[in-house]
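Chemist: Dropping a structure here in structure tokens format, bear with me for questions.
Since every read-out is calculated from the coordinates, none of them should be taken as a lab result. Predicted model only: the values in this text are computed from it and were never measured. Cβ placement follows ideal geometry from the backbone for every residue including glycine, while neighbour counts extend to all protein chains displayed.
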Amino acid sequence: MSSRQSSIPPGSQAIPPQQMPPDVSRWGEHPSTYVVQDRTNGAELARLALQDTMITAAMGGVLPDQTDPASLRRLLDVGCGTGGWLIEIAKAYPTIKLLVGVDISKRMVEYARTQAEAQEVSDRVEFHMMDALRMLEFPPRFFDLVNQRLGNSYLRSWDWPKLLQEYQRVTRPGGIMRITESEMSVESSSPTLTRLFEVALAALAQAGHFFTPQSRGVTGDLARLLHQHGLQQVQTKSYALEYRAGTPEGDLFVEDMQHLFRTLLPFLHKWTRVPDDYEALYQQMLQEIHQPDFVAKGNMLTAWGRVLGSIDQPESDRPS
Ligand SMILES: C[S@@+](CC[C@H](N)C(=O)[O-])C[C@H]1O[C@@H](n2cnc3c(N)ncnc32)[C@H](O)[C@@H]1O
């Protein structure tokens with residue numbers, strides 16, 4: 001497809017194969033733009049499952065910013081990971097007729113389907129393998145709400161315009177586009193965790209995931225992007241999240257960090273200079289975050305708006 005499919009930002013040199021991280025060539029797919037390069041990685045699946053629980057709990061629920069979720073009929077979640085967010089919505093709002101999750105990773109999609117069956121919502125919840133950077137294989141004006149959470153992990157700044165256009169295309173007039181992103185750094189009582197986040201930020205910036213080189217995420221860009229794409233009634237809600245040792249969310253956060261700074265390593269090597277003592281730093285970080293007084297704070301932001309047009313539209317068929 002277009003240059004959007006490449007993980008090499010415009011203007012930079014292609015990496016010679018001998019300098020690629022060891023596993024990339026055997027995946028037989030175009031290189032992922034996601035921060036975890038191996039789509040079959042089991043540790044990443046485990047990490048996303050716990051991160052989903054942690055974030056939904058810390059934000060106070062699945063759709064804390066929406067006034068009337070029960071009025072929605074069809075929902076799409078792009079980059080749905082393990083599917084937990086969508087499954088929770090299906091359980092909380094039995095009147096929602098169809099909930100669709102798409103993800104580039106076959107492993108995530110298979111896991112999400114199993115979960116939907118185990119939690120007895122598979123009659124309304126579907127998961128499909130799809131690359132959001134190509135096109136969303138749904139008819140126009142199909143969904144009442146299109147959701148994206150933590151897409152900054154695979155979207156480069158130049159990917160947003162086309163993707164937001166696709167979201168608009170598949171959302172019915174009057175429907176909602178909803179995007180939640182996290183700052184890619186946390187304030188914490190662990191100086192080594194702070195240091196490792198600095199390495200991750202450098203890699204993300206170098207790979208093109210931020211709109212300005214000094215950014216620490218895209219939360220500050222979301223409202224602007226929605227306005228620029230003609231969304232109406234744009235609103236935002238910010239979340240200051242706190243993770244304390246000994247609380248359920250705090251324990252999940254510790255586990256998340258433990259996985260994250262392992263699974264992220266090929267991406268860090270690809271895009272930045274990884275400190276020679278990375279392994280020692282990682283071990284030091286683990287010690288610090290396991291302290292009984294450990295605390296970390298992070299920020300998330302949800303921005304949403306309505307797609308222009310009248311709200312009453314005839315129903316179209318389910319996609320085959
Ligand atoms: C950080 S996870 C977020 C998962 C979920 N949205 C959540 O908030 O718990 C990002 C997800 O995006 C998926 N992903 C990466 N690149 C993608 C692409 N091009 N199209 C669709 N999904 C993609 C990954 O496989 C991963 O499951």
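Chemist: Order 251-259, 58-66 from most to least packed using the mean count of other Cβ atoms within 10 Å.
Modeler: For the peptides 251-259, 58-66, the packing ranking is 251-259, 58-66.
Chemist: Where in region 217-248 is the amide nitrogen less than 20 Å from a point lying 7 Å along the Cα-to-Cβ axis of S71?
Modeler: From region 217-248, the list is 231-237.
Chemist: In whole Å, what three semi-axes, largest first, describe the equivalent ellipsoid of region 116-180 built from its Cα gyration tensor (square root of 5 times each eigenvalue)?
Modeler: For region 116-180, the semi-axes come out at 22, 16, 11 Å.
Chemist: Also: Can you tell which of H269, G309, I176 lies farthest toward the positive end of the dipole of region 163-320, using +1 and -1 charges on the Cβ of basic and acidic side chains (Lys, Arg; Asp, Glu)?
Modeler: Going by the Cα projections, it comes out as G309.
Chemist: Region 37-306: D in µm²/s via Stokes-Einstein (Kirkwood Rh, Cα pairs, 25 °C, 0.890 mPa s)?
Modeler: 128 µm²/s
Chemist: If one takes the longest principal axis of the Cα atoms in the chain, at what angle in degrees, from 0 to 90 and to the nearest 10, does the Cα axis of helix 42-59 lie?
Modeler: 60 degrees
Chemist: Mind pulling the angle between the C-alpha long axis of helix 160-170 and the longest principal axis of the chain? Nearest 10 degrees, somewhere in 0 to 90.
Modeler: Between the helix axis and the principal axis of the chain, the angle is about 30 degrees.
Chemist: Let me ask something else. Can you work out the base-10 log of I(q)/I(0) for region 97-253 at q = 0.13, 0.18 1/Å, using the Debye formula on its C-alpha atoms alone?
Modeler: Taken in order of the listed q values, log10 I(q)/I(0) reads -0.78, -1.28.
Chemist: Continuing with the same structure: State the extension gain, in nm to one decimal, for the chain segment bounded by Q214 and A57, taking 0.36 nm per residue of separation less the distance between their alpha-carbons.
Modeler: Using 0.36 nm per residue and subtracting the Cα-Cα distance, I get 53.5 nm.
Chemist: Would you work out the charge dipole size for region 37-306 about its Cα centre, treating the Cβ of every Lys and Arg as +1 and the Cβ of every Asp and Glu as -1, and quote it to the nearest 20 debye?
Modeler: 1060 debye
Chemist: If packing is taken as the average count of other Cβ atoms within 10 Å, what order do 125-138, 70-83 fall into, highest mean first?
Modeler: Put in order of decreasing packing, that is 70-83, 125-138.
Chemist: Still on this structure: Mean residue ellipticity at 222 nm from the helices of the chain, using -39,500 (n - 2.57) per DSSP H segment of n ≥ 4 over the full residue count, to the nearest 500 deg cm²/dmol?
Modeler: After summing the helix terms and dividing by residue count, I get -10500 deg cm²/dmol.
Chemist: If I model a spin label as a point 7 Å beyond the Cα along the Cα-Cβ vector, how far apart are those points for A46 and D123 in nm?
Modeler: The answer from the label model is 3.5 nm.
Chemist: For a paramagnetic label modelled at 7 Å from the Cα of W158 toward its Cβ, which residues of region 188-216 fall within the zone defined by backbone nitrogen distances under 15 Å?
Modeler: Counting backbone N atoms under 15 Å from the label point, the list is 206-212.
Chemist: For Q228 and Q291, calculate 0.36 nm times their separation in residues minus their Cα-Cα distance, and state this gained length in nm to one decimal.
Modeler: Full extension of this stretch gives 18.2 nm more.
Chemist: Helix 248-263 versus the longest principal axis of the chain: what angle, 0 to 90°, nearest 10, using Cα atoms?
Modeler: The helix 248-263 is inclined about 70 degrees to the chain.
Chemist: Using a Cα-Cα cut-off of under 22 Å, which lysines could be cross-linked to K97, ignoring same-chain neighbours fewer than 8 residues away?
Modeler: In chain and number order, there are no partners.
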